[in-house]
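Q: Sharing a structure with you now.
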Amino acid sequence: MSDTREQTAHDAEHDARNDNLKFWLNGRVVEKAEAVVSIYDSGFMLGDGIWEGLRLYDGHWAFLGEHLDRLFEAALAIDLDIGLSKADLVQALDDLRAANDMHTDAHARLMVTRGVKDRPFQHPSLSRSGPTVAIIMEHSRPALGRPIRLATVPHLRGLPMTQDPKLNSHSKLNCILACIAAEKAGADEGLMLDVHGFVNTTNSCNFFIVRKGEVWTSTGDYCMNGITRQKVIDLCRANDIPVSERNFSLVDTYGADEAFLTGTFGAQTPVSEIDGRRIGTGELGPVTERLRGLYKALVAAEAGA
């Protein structure tokens, strides 16, 4: 019988230390009561901003350089001056980590908006005070009760001339609607197709399947520019695991032996069923398990280096 407990791809163990966190806001470590932004802030008002999620392992932010490169590339794309260097942001992360006494199993969300507007309208020139830069950092250990269930949703990962899906933007309504549609269908996450009807990604993570020992993921043309996604592809290539970035259909997906999600928070998260169809055994598969081990070793090696 199917387990109907509600969960998300980002479920974490309860940690009482999160009741007394400090936060980083515009150059200072602050208490929760001070960690507030204006109702005129561009991010609150219009979703005008970008962000990165980072994971702390044994005192080391995994793949930090790549995350900051992606953040600054996104800032360039939306013509937003962060006003801080990469070194400044590394120092901010370190200051907040120390203030919260965090050493491992922590998650940070680094957010940058265009700042506070003079008037409540769209034009970027009205953002005359800013940018706003904030970091939320939590003690966070993933705790899924079971593999993830997916439901295909009508919301698409669109073309780059509408809203480029490669951007980690604050404007997430399309993905939120996909998540709501999946929840209404009794699933945990929405499986989103691309503009041609090929399987693409979920509303919050990148998506892979395994067929006859081969790992498949989308072409990358319409999905998030996932750092964990790329690490999995690289690990496959370095360890003689056949891997393809390709177009594939729901028919291919339903017949997969395994399926899993990738993301900074959960690393590699197994999928049990899609649109009510069980995938493989419905549990963590051997290829996914191997990739988990390889990824864990990669993170440890980078931390040691």
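Q: May I ask you to list the residues in the range 280-305 that are closer than 30 Å to Ala181 by Cα and either free of Cβ contacts under 8 Å to residues at least 24 places away in the same chain or exposed (fewer than 15 other Cβ atoms within 10 Å of the Cβ) (or both)?
A: The answer is Thr281, Glu283, Glu289.
Q: Of the numbered conditions (1) in a helix (DSSP H, G or I); (2) more than 16 Å from the chain's Cα centre (by Cα); (3) not basic (Lys, Arg), Met102 satisfies every one except a single condition; which is it?
A: Status for Met102: all satisfied but (1).
Q: Scan the range 213-221 and tell me whether some residue there is aromatic (Phe, Trp, Tyr), modelled with pLDDT of 95 or more, surrounded by 20 or more Cβ atoms within 10 Å (Cβ to Cβ) and closer than 17 Å to Phe265 by Cβ.
A: Step one: of the range 213-221, the residues aromatic (Phe, Trp, Tyr) are 216.
Subset that is modelled with pLDDT of 95 or more: 216.
Next, only the ones that are surrounded by 20 or more Cβ atoms within 10 Å (Cβ to Cβ) stay: 216.
Now narrow it down to the ones that are closer than 17 Å to Phe265 by Cβ: none.
For the range 213-221, residues aromatic (Phe, Trp, Tyr), modelled with pLDDT of 95 or more, surrounded by 20 or more Cβ atoms within 10 Å (Cβ to Cβ) and closer than 17 Å to Phe265 by Cβ: absent.
Q: Still on this structure, please answer the following. Taking the range 117-164, which residues are under 18 Å from the mean Cα position of the chain (by Cα), among the charged types (D, E, K, R) and surrounded by fewer than 22 Cβ atoms within 10 Å (Cβ to Cβ)?
A: Result: Glu138, Arg141, Asp164.
Q: Only one of Leu167, Leu110 is crowded, with 22+ Cβ neighbours inside 10 Å, within 17 Å of the chain's Cα centre (by Cα) and either aliphatic (A, V, I, L, M) or not assigned by TED's automatic domain parsing to the domain that holds Asp69 (or both); which?
A: Leu110
Q: Have a look at Leu80, Leu68, Leu54 and point out the one that is among the hydrophobic types (A, V, I, L, M, F, W, C), without any contact (Cβ under 8 Å) to a residue 60 or more places away in the chain and either closer than 24 Å to Cys205 by Cβ or exposed (fewer than 14 other Cβ atoms within 10 Å of the Cβ) (or both). Lay out the reasoning, then the answer.
A: Working: Leu80 fails: either closer than 24 Å to Cys205 by Cβ or exposed (fewer than 14 other Cβ atoms within 10 Å of the Cβ) (or both); Leu54 fails: without any contact (Cβ under 8 Å) to a residue 60 or more places away in the chain.
Of the residues listed, the single one that is among the hydrophobic types (A, V, I, L, M, F, W, C), without any contact (Cβ under 8 Å) to a residue 60 or more places away in the chain and either closer than 24 Å to Cys205 by Cβ or exposed (fewer than 14 other Cβ atoms within 10 Å of the Cβ) (or both) is Leu68.
Q: Continuing with this model, one more query. Going residue by residue through the range 257-268, is there one that turns out to be part of a loop (DSSP other than H, G, I, E, B), of a type in the set (S, T, N, Q), touching a Gly at 6+ places or on another chain (Cβ under 8 Å) and surrounded by 19 or more Cβ atoms within 10 Å (Cβ to Cβ)? Full working, then the answer.
A: First pass over the range 257-268, keeping only residues part of a loop (DSSP other than H, G, I, E, B): 257, 264-266.
So of that shortlist, the ones also of a type in the set (S, T, N, Q) come out as 264.
Now drop any that are not touching a Gly at 6+ places or on another chain (Cβ under 8 Å), which leaves 264.
From the residues that got through so far, the ones that are surrounded by 19 or more Cβ atoms within 10 Å (Cβ to Cβ) too are 264.
Yes, because at least one residue in the range 257-268 is part of a loop (DSSP other than H, G, I, E, B), of a type in the set (S, T, N, Q), touching a Gly at 6+ places or on another chain (Cβ under 8 Å) and surrounded by 19 or more Cβ atoms within 10 Å (Cβ to Cβ).
Q: Sticking with this one: Given the conditions (1) among the hydrophobic types (A, V, I, L, M, F, W, C); (2) farther than 19 Å from Ala12 by Cβ; (3) touching a residue at least 12 places away in the same chain (Cβ under 8 Å), report the number of the one that Trp61 does not fulfil.
A: (2)
Q: Could you go through the range 102-116 and let me know if any residue there is closer than 21 Å to Leu46 by Cβ, among the basic types (Lys, Arg) and in contact with a Leu (Cβ under 6 Å, 6 or more places away or on another chain).
A: Yes, because at least one residue in the range 102-116 is closer than 21 Å to Leu46 by Cβ, among the basic types (Lys, Arg) and in contact with a Leu (Cβ under 6 Å, 6 or more places away or on another chain).
Q: Next question, about the same structure. Quick check on Thr253: is it crowded, with 18+ Cβ neighbours inside 10 Å and assigned to a helix (DSSP H, G or I)?
A: Against the criterion (crowded, with 18+ Cβ neighbours inside 10 Å and assigned to a helix (DSSP H, G or I)), Thr253 qualifies.
Q: Of Ile233, Ile241, Ile176, which residue is outside any strand (DSSP E or B), out of contact with any strand residue (DSSP E or B) (no Cβ under 7 Å at 6 or more places or on another chain) and β-branched (Val, Ile, Thr)? If you could, list the steps in order and put the result at the bottom.
A: Working: Ile233 fails: out of contact with any strand residue (DSSP E or B) (no Cβ under 7 Å at 6 or more places or on another chain); Ile241 fails: out of contact with any strand residue (DSSP E or B) (no Cβ under 7 Å at 6 or more places or on another chain).
Testing whether each residue is outside any strand (DSSP E or B), out of contact with any strand residue (DSSP E or B) (no Cβ under 7 Å at 6 or more places or on another chain) and β-branched (Val, Ile, Thr) leaves just Ile176.
Q: While we're on this one: Say whether the condition of being more than 21 Å from Val299 (Cβ to Cβ), touching a residue at least 60 places away in the same chain (Cβ under 8 Å) and not small (Gly, Ala, Ser) is met by at least one residue in the range 138-146.
A: Taking every residue of the range 138-146 in turn, at least one turns out to be more than 21 Å from Val299 (Cβ to Cβ), touching a residue at least 60 places away in the same chain (Cβ under 8 Å) and not small (Gly, Ala, Ser).
Q: Further question: For Asn225, all conditions in the list (1) at pLDDT 95 or above; (2) in a loop (DSSP other than H, G, I, E, B); (3) closer than 28 Å to Gly158 by Cβ hold save one; what is the number of the exception?
A: (1)
The values are calculated or read from the model by the stated rules, or taken from the named source; none is laboratory data. Computed from a predicted structure; not experimentally measured. When we count neighbours, we look across all protein chains shown, and the Cβ atoms used for this are built from the backbone with ideal geometry, even at glycine.
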